[in-house]
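> Just dropping this structure here.
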Amino acid sequence: MSTLNKIELALAGAMLAVAPWIIDAAPYESTMGLVQKIFYFHMPAAWLFLLAAIIAGTASAMFLFGKKRDMDGWALAAAELAVVFGIITLVTGPLWARKAWGIWWVWDARLTSSLILWMIFVAYLLLRRYGGPGSDKLGAGMALFGLANVPFIFVSVNVWRTLHPQTSVVPTLPVQMGGPLWFCITAFFLLFLALLSMRARLERQRVRIEDLYLAEDEA
Amino acid sequence: MRFCRALFVTALLIGAPAALAAQPQPSADEFVPMEEAPPEEQIPAINLVAAAYGFVWIVVVGYVWSLGRRLQKAESEIAALEQRRR
Amino acid sequence: MKGFFRVAWLVVRKDMMVEARSLEVVSTTLFFALTVVLVFAFGLVREGTPVGDVSAAILWIATAFSGTLALGRTFERERQADTLRALMLAPADRPAIYAGKLAGMLLLMALVELVLVPLVGLLFQAPIVAYPWHLAALLLAGTTGFAAVGTLFAAMLVRARSRDVMLPILLYPITVPVMIAGVRGTAAIFQGTPDPDLARFWIALLLFFDVVFVTLALWTFEPVMTE
């Protein structure tokens with residue numbers, strides 16, 4: 001763990017620890033009440049989930065077409081973070097929905113696309129873990145296809161749902177953002193940076209270990 | 001890349017408290033009204049908020065712990081391999 | 001360009017000849033599709049009539065399941081004889097080989113669908129002849145999208161460990177739009193008051209999906225299959 005990672009992690013941890021007081025100080029939202037405060041974790045996690053997915057897809061494309069070997073490590077690191085932030089998004093979302101809309105899960109375009117994107121990255125990780133030799137290129141193809149798929153999933157789920165009568169339970173998300181929200185976004189972003197660089201470092205070390213074993217075999 | 005990140009962290013350490021103090025409070029009329037759930041379906045909101053916050057912590061701490069352990073293992077393996085080479 | 005189609009045609013012809021001699025993939029896939037439909041029938045038919053508008057869903061799920069099986073078997077055969085490596089070593093364009101494999105898979109799945117559609121019409125009282133062109137277009141566009149992604153993934157998985165379980169795990173999340181579009185489009189022409197305009201929208205979406213993913217697959221096949 002580098003010093004920068006430690007500072008980032010400590011700062012993010014401290015910010016997340018004081019976050020409840022900052023969020024508590026924010027004005028009480030009149031129609032949704034207390035449960036609206038879940039939003040302060042939900043939205044940053046969702047943003048970083050998408051960011052991680054985009055990084056994984058882009059790095060995979062660079063690995064496949066640009067033949068950059070170290071890009072594979074970044075893709076794997078970003079994919080793992082996509083799963084981590086994705087599970088936070090997918091769990092905090094229903095907790096909010098339960099109170100706000102009265103049900104745990106809605107087959108709404110945004111929710112369903114998030115779930116499928118998350119599943120794509122879980123599949124990616126399963127492949128990288130159990131796929132054996134050659135799974136790095138295969139995984140890169142999977143991440144690339146997964147990212148290209150997002151608009152299709154969104155459009156198809158949107159039409160599938162909106163052509164049915166029982167939708168429109170999802171409120172429009174707030175446009176204006178307050179200080180507490182930016183506080184949480186910053187904390188999550190710091191955490192994301194630290195974790196991404198640590199995870200990519202782990203992958204570089206794995207490559208190094210492999211090289212060392214190879215050198216030992218040759219010697 | 002690394003320099004940019006260090007710069008970002010430093011700027012945050014210096015600038016954030018000031019920015020936070022100056023930040024105007026958001027107005028409360030940002031949401032469209034919710035649909036009323038039947039009363040027997042209601043769960044106290046505080047439980048849900050606490051569950052969400054707790055879940056974030058569990059996932060983050062768990063992930064950092066596993067990542068730290070994996071890094072440590074890799075580092076000790078590299079050290080052992082390099083010692084054997086010498 | 002002429003070389004491209006020639007190579008693709010040669011690959012298709014080779015696959016068809018191998019298949020014609022053994023009939024292994026065709027017969028097992030067809031029987032599997034039949035079994036899937038029957039399992040659904042036992043689950044969804046109450047007192048002689050099917051529950052709700054399930055026929056579209058059954059048609060597409062059976063297609064997807066048997067397609068996965070066919071993809072796995074086809075490439076398993078290539079792996080056992082190590083013929084895929086030989087194919088890759090041949091002085092031919094990699095994308096052309098992919099196109100040939102995709103065409104072969106489409107032919108096979110079309111054959112399965114020719115049996116599946118009348119079967120679903122018969123067992124679940126689906127009006128399969130009400131809008132035959134819409135149904136054909138949906139099946140063609142949907143199968144192309146499914147097979148485009150499936151052929152690429154199955155080819156990539158030939159060298160991987162635990163490939164049997166990996167193929168559905170990777171393929172189904174990616175083909176979610178195909179399943180939604182196929183099922184909803186088919187349901188639109190199967191329902192009580194058919195809605196051909198809605199079906200046309202889903203056909204357009206499927207065609208768009210096909211164009212994007214066939215292009216992407218042709219583009220990724222080369223770097224992915226290079227060892």
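> Answer yes or no: is there a residue in region C:53-68 that is modelled with pLDDT under 90, loosely packed, with under 15 Cβ neighbours inside 10 Å, aliphatic (A, V, I, L, M) and more than 19 Å from the chain's Cα centre (by Cα).
Scanning region C:53-68, I find no residue that is modelled with pLDDT under 90, loosely packed, with under 15 Cβ neighbours inside 10 Å, aliphatic (A, V, I, L, M) and more than 19 Å from the chain's Cα centre (by Cα), so the answer is no.
> Show me the helices (runs of 4 or more DSSP H) entirely contained within region C:1-105 in which 2 or more residues are small (Gly, Ala, Ser) and over 23 Å from residue C:161 (Cα atoms).
C:2-22, C:24-44, C:55-80
> Something else about it: For region B:52-63, which residues satisfy the criterion of being more than 7 Å from chain A (Cβ to nearest Cβ) and of a type in the set (A, V, I, L, M, F, W, C)? Before the answer, list the steps.
Applying the first criterion (more than 7 Å from chain A (Cβ to nearest Cβ)) to region B:52-63 yields B:54, B:57-58, B:61-62.
B:57, B:58, B:61 - these are the residues of region B:52-63 that are more than 7 Å from chain A (Cβ to nearest Cβ) and of a type in the set (A, V, I, L, M, F, W, C).
> Restricting attention to region A:98-127, report how many residues are more than 14 Å from chain B (Cβ to nearest Cβ) and assigned to a helix (DSSP H, G or I).
Selection size over region A:98-127: 17.
> Hey, another quick one. What pairs come up if the first residue lies in region C:1-26 and is more than 18 Å from residue C:110 (Cα to Cα) and free of Cβ contacts under 8 Å to residues at least 24 places away in the same chain, the second is exposed (fewer than 14 other Cβ atoms within 10 Å of the Cβ) and acidic (Asp, Glu), and their beta carbons are under 9 Å apart, counting only those six or more places apart or on different chains?
Note: no pairs meet the criteria.
Residue-by-condition table, conditions (1) under 16 Å from residue C:154 (Cα atoms); (2) surrounded by fewer than 21 Cβ atoms within 10 Å (Cβ to Cβ); (3) modelled with pLDDT under 90:
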site: A:96; (1), (2), (3): no, no, yes
site: A:99; (1), (2), (3): no, no, yes
site: A:106; (1), (2), (3): no, yes, yes
site: A:109; (1), (2), (3): no, yes, yes
site: A:113; (1), (2), (3): no, no, yes
site: A:118; (1), (2), (3): no, yes, no
site: A:123; (1), (2), (3): yes, no, no
site: A:133; (1), (2), (3): yes, yes, yes
site: A:138; (1), (2), (3): yes, no, yes
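> For region B:45-83, enumerate the residues that are among the charged types (D, E, K, R) and in contact with a Leu (Cβ under 9 Å, 6 or more places away or on another chain). Can you show your working first?
Start the filter on region B:45-83 by keeping residues that are among the charged types (D, E, K, R), which leaves B:69-70, B:73, B:75, B:77, B:82.
Scanning region B:45-83 gives B:70, B:77, B:82.
> Which of the residues belonging to region B:47-69 are among the small types (Gly, Ala, Ser) and under 18 Å from residue A:201 (Cα atoms)?
B:66, B:68
> Ok, one more. Name the residues in region C:77-92 that are surrounded by fewer than 17 Cβ atoms within 10 Å (Cβ to Cβ) and free of Cβ contacts under 8 Å to residues at least 60 places away in the same chain, would you?
C:80, C:81, C:82, C:83, C:85, C:86, C:89, C:90, C:91 - these are the residues of region C:77-92 that are surrounded by fewer than 17 Cβ atoms within 10 Å (Cβ to Cβ) and free of Cβ contacts under 8 Å to residues at least 60 places away in the same chain.
> Checking residue C:188 against (1) aliphatic (A, V, I, L, M); (2) more than 16 Å from residue A:135 (Cβ to Cβ); (3) more than 7 Å from every other protein chain (Cβ to nearest Cβ); (4) in contact (Cβ under 8 Å) with a residue 24 or more places away in the chain: exactly one of these is not met. Which one?
Status for residue C:188: all satisfied but (4).
Okay, residues lined up against (1) within 28 Å of residue A:78 (Cα to Cα); (2) modelled with pLDDT of 80 or more; (3) facing chain B (nearest Cβ under 7 Å); (4) more than 15 Å from the chain's Cα centre (by Cα):
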{"residue": "A:166", "(1), (2), (3), (4)": "no, no, no, yes"}
{"residue": "A:173", "(1), (2), (3), (4)": "yes, no, no, yes"}
{"residue": "A:191", "(1), (2), (3), (4)": "yes, yes, yes, no"}
{"residue": "A:208", "(1), (2), (3), (4)": "yes, yes, yes, yes"}
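> Output the residues belonging to region C:74-114 that are modelled with pLDDT under 90 and acidic (Asp, Glu).
Answer for region C:74-114, where residues must be modelled with pLDDT under 90 and acidic (Asp, Glu): C:76, C:78, C:82, C:93.
The values are calculated or read from the model by the stated rules, or taken from the named source; none is laboratory data. For clarity, every value in this text was computed on a predicted model and none was experimentally measured. Cβ atoms come from the backbone with ideal geometry, glycine included; neighbour counts cover every protein chain shown.
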